[in-house]
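I have placed the structure first, in the form of structure tokens, so that the comments after it can refer back to it.
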Amino acid sequence: MGAAQITVIVPAYNESMVIGATLAPLAQAAADGYFEVIVVPNNCSDETADQARRACPAAQVIETRSPGKPNAINLGVQAARGDALVFLDADLAISVTAIEQLCAPILSGCSDASCGRMLANLDGARLLVRRFYAGWALSPYHDKGKFGGVFALSAALAGRIFPLPDVIADDEYISRMSPTERTAFVPEAQFTVFAPRRMSDLIKIRRRSRRGILQLEEMGLKTSERKTGGSSLRMVLGRALTKPSIWAGVAVYAATIVFVRLTVRSSKVAPGKAQWERDDSSREGRGSLSGSET
């Protein structure tokens, strides 16, 4: 491998349906020694590790019986040798080119962290889910990139942030620990998330996210300067005033956000102790994408 090495870290919990599709586009770069790919299946009861090895034979697969994404990421960082570390969720899609673009400001020394632009694949999603995403697109959360799902850190910054504590919102924790002035938004570095098909599954994701934010607040970690915090919903409503074509989407988005906040607030379970809620509907049918370039 060259001096400007890129390490891609992929934590994975029971992702046998999608891990092949996520890793296949990176297989040649890993085989050529251009990328170091580290997959960390944690407490899996399926064939995630075997599927990862098949899709990307050059990947280092570190299996652990200890559950939890933060622990899996910590193990990946410990094994990483790259100058730029890319953190990639196992159910997303990104190309080699996008990873190169994401890492460019870090490898040039201009930034210590970087994030790209999220694209939502809504194939198979129900109408309410599609409308939610239309409304969410107006959120200021996206203005400076999506620091979550896929992002990159310099090895030096990772050394200051890691190991992660046992948090729900690991991406948000890292975002809040990263200096805003040294975080780059690389809009051409695009990646794809696969939307849940049903509204009930979308609510699971949003509820987990909300609990994660509350847990970080309990830890004393304030909202990053990259975000607008509680004003996000108001800003979405303001931005929608001149866009009547998406008012239905904004209404669904606003109603979902308010419903999630109310249900999480009324829950008797502490934010950090809540049961992990996961959407599996977005993973259905993606196995056929293995080997395709995104």
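Residues T183, T228: which one is modelled with pLDDT under 95, closer than 29 Å to Q101 by Cβ and β-branched (V, I, T)?
Working: T183 fails: modelled with pLDDT under 95.
When all the criteria are applied, what remains is T228.
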query: Would a scan of segment 226-247 turn up a residue that is within 17 Å of the chain's Cα centre (by Cα) and either of a type in the set (S, T, N, Q) or under 23 Å from L75 (Cα atoms) (or both)?
result: no
field: Single condition A58 does not satisfy, out of (1) in contact (Cβ under 8 Å) with a residue 60 or more places away in the chain; (2) farther than 16 Å from N42 by Cβ; (3) of a type in the set (A, V, I, L, M)
entry: (1)
- request: Give segment 5-26 a look and list any residue that's without any contact (Cβ under 8 Å) to a residue 40 or more places away in the chain and over 19 Å from A79 (Cβ atoms), or say none.
  value: N14, S16
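How many residues, within segment 54-88, are more than 21 Å from D32 (Cβ to Cβ), β-branched (V, I, T) and not in a loop (DSSP other than H, G, I, E, B)? Write out each step before concluding.
First, the residues of segment 54-88 that are more than 21 Å from D32 (Cβ to Cβ): 62-75, 77-78, 87.
Narrowing further to those that are β-branched (V, I, T): 62, 64, 73, 77.
Next cut, not in a loop (DSSP other than H, G, I, E, B) only: 64, 73, 77.
Residues flagged as more than 21 Å from D32 (Cβ to Cβ), β-branched (V, I, T) and not in a loop (DSSP other than H, G, I, E, B) within segment 54-88 amount to 3.
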Long-range neighbours under 9 Å by Cβ, at least six apart or interchain, first residue more than 15 Å from D89 (Cβ to Cβ) and of a type in the set (F, W, Y) within segment 184-205, second surrounded by fewer than 20 Cβ atoms within 10 Å (Cβ to Cβ) and modelled with pLDDT under 95: F185/D143; F185/K144; F185/R226
field: Residue selected from segment 144-171 under the condition charged (D, E, K, R) and closer than 23 Å to L107 by Cα, by the criterion modelled with the lowest pLDDT
entry: K144
- request: Take segment 11-65 and flag every residue that is modelled with pLDDT of 95 or more and at positive phi.
  value: N14, N43
- prompt: Do you know which residues across segment 1-51 are among the charged types (D, E, K, R) and either buried (at least 24 other Cβ atoms within 10 Å of the Cβ) or under 30 Å from A104 (Cβ atoms) (or both)?
  reply: E15, D32, E36
message: All but one of (1) on the phi < 0 side of the Ramachandran plot; (2) within 16 Å of the chain's Cα centre (by Cα); (3) at pLDDT 95 or above hold for Y141; state the number of the condition that does not hold.
response: (3)
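Which one of A134, A120 is among the aliphatic types (A, V, I, L, M) and either touching a Gly at 6+ places or on another chain (Cβ under 7 Å) or closer than 24 Å to P67 by Cβ (or both)?
A134
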- prompt: Could you give every pair whose Cβ atoms fall below 7 Å, whose first residue belongs to segment 63-86 and is within 19 Å of S154 (Cβ to Cβ), and whose second residue is small (G, A, S) and outside any strand (DSSP E or B), counting only separations of at least 6 or pairs across chains?
  reply: V77/A158; G82/A155; D83/A4; D83/A155; L85/A155; L85/A158
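The values are calculated or read from the model by the stated rules, or taken from the named source; none is laboratory data. Not measured: the values here are computed from a predicted model. A quick note on method: Cβ atoms are made from the backbone with ideal geometry, for glycine too, and the neighbour counts reach across all protein chains shown.
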